[in-house]
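Remarks on the structure that follows.
The values are calculated or read from the model by the stated rules, or taken from the named source; none is laboratory data. The model shown is predicted, which means the values in this text are computed figures rather than measured ones. Methodologically, a virtual Cβ is constructed for each residue, glycine included, from the backbone with ideal geometry; neighbour enumeration extends over all protein chains shown. The accessibility values were calculated without ligands, DNA or RNA, using every heavy atom of the protein model including side chains. Shrake-Rupley method; radii C 1.70, N 1.55, O 1.52, S 1.80 Å.
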Amino acid sequence: MFIRSSNVGYPRIGEKREWKKALESFWNGQIDKEQFIKTMEAIRLDSIRKQLEKGIDLIPIGDFSLYDHVLDTAFMFGYIPERFQQIDDALEQYFAMARGTNGQHALEMTKWFNTNYHYIVPEIGQTKPRLVENRLLKEYNLVKETFDLETKPVLLGPITFLLLSKQYERHEWRKHLAQLVPVYVELFKQLSEAGVSFVQIDEPILVQDIDDDIVDTFRDVYEVFHRDVPNINLILQTYFDSVSHYREIVALPVAGIGLDFVHDNGENMKNINTYGFPKDKILVAGIVDGRNVWKSSLAQKATLLHHLANVAEKLIIQPSCSLLHVPVTTKHEHTLPTELAGALSFADEKLDEIRMLTEYMNGNVTIDELIKYDEQTNVYFAKLHHEQEQTAETVPVSRVPYTERRKAQQGHLQLPLLPTTTIGSFPQTSDVRQARMKWKKGEWNDNQYKSFIKKEIAKWIDIQEQLQLDVLVHGEFERTDMVEFFGEKLQGMACTTNGWVQSYGSRCVRPPIIFGDIAHLYPMTVEETVYAQSLTNKPVKGMLTGPVTMLNWSFVRDDISRKHVLMQLALAIREEVLQLEKEGIRIIQVDEPALREGLPLKKEKHASYWEDAVMAFRLATSSVKEETQIHTHMCYSQFEHMMHIIDELDADVISIESSRSHGELVSSFETYEYQKEIGLGVYDIHSPRIPTKEEISEQIERALRVLRPEQFWVNPDCGLKTRKEKEAIAALKAMVEAAHEYRKRLLAYGGMKSWK
Ligand code: GLN
Ligand code: ZN
């Protein structure tokens, strides 16, 4: 039987983020173009060499990118928006599209399906596509020359590409597709002439709820490919969930079908069992989890593979998706508890698993060897999971009705009309970062570091008083990342030293690992918050990260249900909320910027996701007294269709990013009657530009067309962490002035009564 190993995509960033460093040094002008290209090529070839040494049969090329693979596809086919067309240098043009220039804004960026990776959204416009440069051919040839190796070019399929793009009329998408298909054919022909045998064409759109007419379009397009380039073996690749129209899709005229057998909820397997799998096709099986960091249970995978081998005549074994979503290697992790480290498998280790499974299926490795591999992970998992004693059922998930709470809070807080506040963080200057480095390296002891942080807090409490903000914050100077900070302190979570994953462009994140039962061990934020409160009579808001965001931005145990982990996180955050309250903190903000990020790709699963998310937030926040005001903050999502969910969270005050969404959010309040308090960000914190008082007034005015003044808060879009101190202060000054002016005007109309 034909059984081969394969990879879907390999991380770009290098073992020690060499890729990120090269990009940033190039952008900063520290290295020149030639040096940059040489460095990038070395990183790329090194990753091929590694995969070769691991014995992977089908090694992908084209998965590497200088920024993002969707941008690469757009660029390769000439979808260059007009505003960038005068740039001659191709590399400069490419980065201009990704990052913008002084005068021209970048292409939009958005999340890649349900992952934390962000892709650049291509702009189609009136462009007639053409093959500007066959990048795949170049890479294929280079690797062939360097290693004497046949590789598998990978590219995004035309249908997913177009459906992810924007700036064209949806009803005209077939016209654009008709222009694009011949360009793909041309590309395939060139590859075929160069000797390419397998091409992986990614169409992840197939796992979403797609209409029948899109399925028909798939048939049309892939028939053209089959007719025009019969020598290329196309592998139609899907991932992140099960294929929605299984029977139609496996019947498409391609050589192989790539299915995800990890994140499909068992649906792909069910379909195979019910409808079978075509004998003439290769079943390309995503077996090893490409999105999580745990070692596979190889014995279990072996059973699955035997089953698949009975159904299909030809089998390729690979990860469930590109390994872009996991860190490169566990090799550099030296600080994790040994047992935990032994249970982890990042990209390189996952490829070893693929190889072992393939060898096993080909009779070169025994089942005993697989069982032996599994032992350490099994022991580890068994030991760490104890049921949480405190069960969620005994904890309240609702508070007294909002109108009653509101009265109690008004009495307690005495806030003016249109209260002003910020989202939590203040600039993390190089002083702050250096202090943290010194402390981490041991040059500073805990006391030195703590007193530095306190000085920063005091400085900013003073600034906020001067600015006359109404609700103050301590500034979050002690935090690098809003999830990692809590991950380091909660039981059951661990932070890696080198477990970086690309988030967007050169930005990488290091998601914590949830490895055991989560529990609150000691106060995590009380000291700083209480200290800040001791310096002022105005209320200081306590700042916490919410359970849903913690879950969505971490790697989670996969032998326990996500819901279970989520509720444990909620209970731990609840404990911190209560401790802050006990110490006299009157306002507590539980941030949920990633509330929407874990939303499943298939609509039928949405309701239960929301139910759990709402429940977790309420578990965390409903145990406080009625006079304690709960805030939450959200950003970077489309909130228009989720006002009812936001409402159900039952936070007293919510702040939402809105200055970028150009009024769409504001207009959603025309149809949705929201009763509680809300701050729609009145300026964009991502730009260094200082907004004028007039601009901010306009934003307030726009919001007050649909919201009542007594429910409106004035605040920036998001945390001010990335701004310079001067910028932050100047912008806040304009914001407070605008709020004060507005407040005066409203009061002159006869005070609050008139709006009630
Ligand atoms: N409180 C956090 C901050 O201000 C919120 C960050 C976020 O929304 N991503 O930095
Ligand atoms: Zn935010």
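Numbers for the structure displayed
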| read-out | value |
| --- | --- |
| Thr429 being surrounded by fewer than 18 Cβ atoms within 10 Å (Cβ to Cβ) and within 18 Å of Cys718 (Cα to Cα) | yes |
| Residue in the range 632-653 that is part of a loop (DSSP other than H, G, I, E, B), touching a strand residue (DSSP E or B) at 6+ places or on another chain (Cβ under 9 Å), away from ligand 2 (no atom under 16 Å from the Cβ) and in contact (Cβ under 8 Å) with a residue 40 or more places away in the chain present | yes |
| Hey, Leu336 farther than 30 Å from Ile587 by Cα, open to solvent by less than 30 Å² (accessible area, probe 1.4 Å), modelled with pLDDT under 95 and not polar (S, T, N, Q) or not | yes |
| Residue that is nearest to ligand 2 (Cβ to nearest atom) [pool: residues in the range 450-478 that are part of a loop (DSSP other than H, G, I, E, B) and open to solvent by 10 Å² or more (accessible area, probe 1.4 Å)] | Glu476 |
| Flag if Ile588 is hydrophobic (A, V, I, L, M, F, W, C), over 17 Å from the mean Cα position of the chain (by Cα), within 16 Å of ligand 1 (Cβ to nearest atom) and farther than 15 Å from Ser398 by Cα | yes |
| Residue in the range 673-694 that is more than 16 Å from ligand 2 (Cβ to nearest atom), within 20 Å of Trp460 (Cα to Cα) and not aliphatic (A, V, I, L, M) present | yes |
| Residue in the range 607-623 that is surrounded by 19 or more Cβ atoms within 10 Å (Cβ to Cβ), within 16 Å of ligand 1 (Cβ to nearest atom), over 20 Å from the mean Cα position of the chain (by Cα) and modelled with pLDDT under 95 present | no |
| Residues of the range 479-502 satisfying the condition of being within 16 Å of ligand 1 (Cβ to nearest atom), surrounded by 22 or more Cβ atoms within 10 Å (Cβ to Cβ) and among the hydrophobic types (A, V, I, L, M, F, W, C) | Met482, Val483, Phe486 |
| Hits in the range 272-298 - residues which are touching a strand residue (DSSP E or B) at 6+ places or on another chain (Cβ under 9 Å) and among the polar types (S, T, N, Q) | Asn292, Ser296 |
| Members of the range 537-585 found to be touching a strand residue (DSSP E or B) at 6+ places or on another chain (Cβ under 6 Å) and of a type in the set (S, T, N, Q), listed by number | Thr545, Ser554, Gln568 |
| So Ile3, is it farther than 27 Å from Trp553 by Cα, open to solvent by less than 10 Å² (accessible area, probe 1.4 Å) and touching an Asp or Glu at 6+ places or on another chain (Cβ under 9 Å) | no |
| Search result, residues across the range 59-72 that are of a type in the set (A, V, I, L, M) and open to solvent by 20 Å² or more (accessible area, probe 1.4 Å) | Leu66 |
| Val548 being touching a Gly at 6+ places or on another chain (Cβ under 8 Å), more than 30 Å from Asp462 (Cα to Cα) and either within 15 Å of ligand 1 (Cβ to nearest atom) or open to solvent by 40 Å² or more (accessible area, probe 1.4 Å) (or both) | yes |
| Residue match in the range 718-735 (condition: among the polar types (S, T, N, Q) and either on the phi > 0 side of the Ramachandran plot or within 15 Å of ligand 1 (Cβ to nearest atom) (or both)) | yes |
| Selection from the range 301-316 of residues that are in a loop (DSSP other than H, G, I, E, B) and either among the basic types (Lys, Arg) or open to solvent by 70 Å² or more (accessible area, probe 1.4 Å) (or both) | Glu313 |
| Residues within the range 654-675 that are crowded, with 18+ Cβ neighbours inside 10 Å and either part of a loop (DSSP other than H, G, I, E, B) or within 16 Å of ligand 1 (Cβ to nearest atom) (or both), tallied | 8 |
